[in-house]
Amino acid sequence: MFTLPAMPYAYNALEPYIDEMTMQIHHDKHHQAYIDNLNKALEGEEKLASMNVEDLVRNLAKVPETIRTKVRNHGGGHVNHTLFWQIMAPATGQEPEGELVKAIHTTFGSLPTFQEKFATLAMGRFGSGWVWLVVDPSTSSGQVGLSIVDTPNQDSPLMDHKIPLLGLDVWEHAYYLKYQNKRADYINAWWSVVNWKEVEKRFVESAK
Ligand code: MN
């Protein structure tokens, strides 16, 4: 059985960038619903239900076809939101450091250029989905392998065998209470609560 991970900070900790009510509903209702629906889909599938969720969504081909779409949507929802809570933190003025910032400079030229490209994809994502900074582990050695990708619905980059370092939820449920139709304002505010230390940790681990 999959269970809802506790939030690593208070629901109001990301104010004023992301409001308390949005965080509470997003975590307690939306994320919980993905987990409940995933557990329901996997009833009688003990082997799959005992996998960790990353391995589960990386191995959708092993899931019986009758429940594969449900596992894709709700397993994706679970793994994506679990990452989302971790790669945010109360605004501390953090900036990317170390190996990560070097890799961002090598790949995108500068941090603002990276952020601009990321925001453009987030604005262009029609309907619901996510935008990601990922590492492609199939990149030949000596290359950084960073890229920005978007996914529809609750698809995870793990399904394409990429490693997500940073992800932005652009479903309306992530921002509508405070920002309504102004997705650009939400994206812009969100940079203030990115937990770059966690993103760098994931980047360093991805190279192992
Ligand atoms: Mn969401």
> So what's the net charge close to M1: Lys and Arg +1, Asp and Glu -1, counting the other residues with Cβ under 15 Å from its Cβ?
Replying inline: -2
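What percent does the relative contact order of the chain come to when contacts are Cα pairs within less than 8 Å and at least six residues apart?
Numbers: 302 pairs, mean separation 53.5, N = 208.
Computed value for the chain: 26 percent relative contact order.
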> Just for the Cα atoms in the stretch 32-117, what are the lengths along the principal axes, largest first, rounded to whole Å?
Replying inline: 49, 27, 21
>> As an exercise, find the ratio Rg/Rh for the chain from alpha-carbon atoms, using the Kirkwood inverse-distance average for Rh.
In response: 0.96
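From the square roots a ≥ b ≥ c of the eigenvalues of the alpha-carbon gyration tensor of the stretch 101-140, which class results: rounded (a/c under 1.5), prolate (a/b over b/c), or oblate? Mind dumping the intermediate values first?
On the way: a/c = 3.46, a/b = 1.40, b/c = 2.47.
Note, shape of the stretch 101-140 comes out oblate.
Viscosity 1.002 mPa s, temperature 20 °C: what is the translational diffusion coefficient of the stretch 122-208 from Stokes-Einstein with a Kirkwood Rh over Cα pairs, rounded to a whole number of µm²/s? Intermediate values should be presented prior to the final figure.
Numbers: Rh = 13.9 Å.
Translational diffusion coefficient: 154 µm²/s.
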> Among the lysines, which have Cα under 20 Å from the Cα of K117 when same-chain residues fewer than 8 positions away are ignored?
Replying inline: K102, K162, K182
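Every number here is computed from the coordinates shown, using simple stated rules; none is lab data. Note that the structure is predicted; figures quoted are calculated from it, not measured. With ideal geometry, Cβ positions are generated from the backbone for all residues, glycine too; neighbour counts draw on all protein chains shown.
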